[in-house]
Structure formats: C-alpha cells, structure tokens
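In what follows, a single structure is set out as structure tokens and then discussed.
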Amino acid sequence: MNKKISKIAEQIIMIRVSEEIQDDILDVFYELMRKNNIAYGTKEGDGITGANFEWTMCKTLFIQNLVSNLELRSCFYIPEDLKCYEE
C-alpha cells in the first residue's frame, strides 16, 4: 500500500495548473486590488519596499479562498464512479 500511495503522490505533485488558468485567476485578484487602490509595495527612493500589510492580507485571503473552494468541490462533487469501492 505504501508503494502505491508513494507512486500516486509523485503523480499528484506533477499536476500543474496551466499558466493561462493561473493568469486568469490572478487577473481577478489584481483587478480587485486596482479597484481598491491596494498596491504590493511602497516606492522608496529608486526601489520598492514590498509586501505591504494590506496586500499580504488580501493575497492570503484570496489564496485561502481558492483552496477552500477546491476543498468544497472535492468533497461534494465527486464523480459517481469514484464515490465508493465496488463490493
């Protein structure tokens, strides 16, 4: 059983969400930040100090919301053939 799980774990780790989907999701977040005038950093001299508190809090909530949505879907929208083992 451990070898089977180990092989499955390797395959799961290799699952990637396409850059196009990632960009679409992030565009929603960035548009919300623009609409609310929240920027990543603060201009300081020739550079930028990064990860303002507001940005960090919003980004964390955004990512946690994505995880929660996936968790919910994976619990309640299981394909029929995967809901239980055949007897």
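The values are calculated or read from the model by the stated rules, or taken from the named source; none is laboratory data. Computed from a predicted model, the values in this text were never measured in an experiment. Note that we place each Cβ from the backbone using ideal geometry, even for glycine, and neighbour counts take in every protein chain shown.
For I48, state whether it is at pLDDT below 95, surrounded by 10 or more Cβ atoms within 10 Å (Cβ to Cβ) and not in a helix (DSSP H, G or I).
Answer is yes for this residue.
For region 68-87, enumerate the residues that are surrounded by 10 or more Cβ atoms within 10 Å (Cβ to Cβ) and in a helix (DSSP H, G or I).
S68, N69, L70, E71, L72, R73, listed by residue number.
In region 1-23, what residues are in a helix (DSSP H, G or I) and either under 13 Å from the mean Cα position of the chain (by Cα) or in contact (Cβ under 8 Å) with a residue 40 or more places away in the chain (or both)?
Hits for region 1-23 are E19, I21, Q22, D23.
Identify, please: which residue in region 35-45 is within 21 Å of F62 (Cβ to Cβ) and either more than 22 Å from the chain's Cα centre (by Cα) or in contact (Cβ under 8 Å) with a residue 40 or more places away in the chain (or both) and is, among those, surrounded by the most Cβ atoms within 10 Å (Cβ to Cβ)?
The selected residue is T42.
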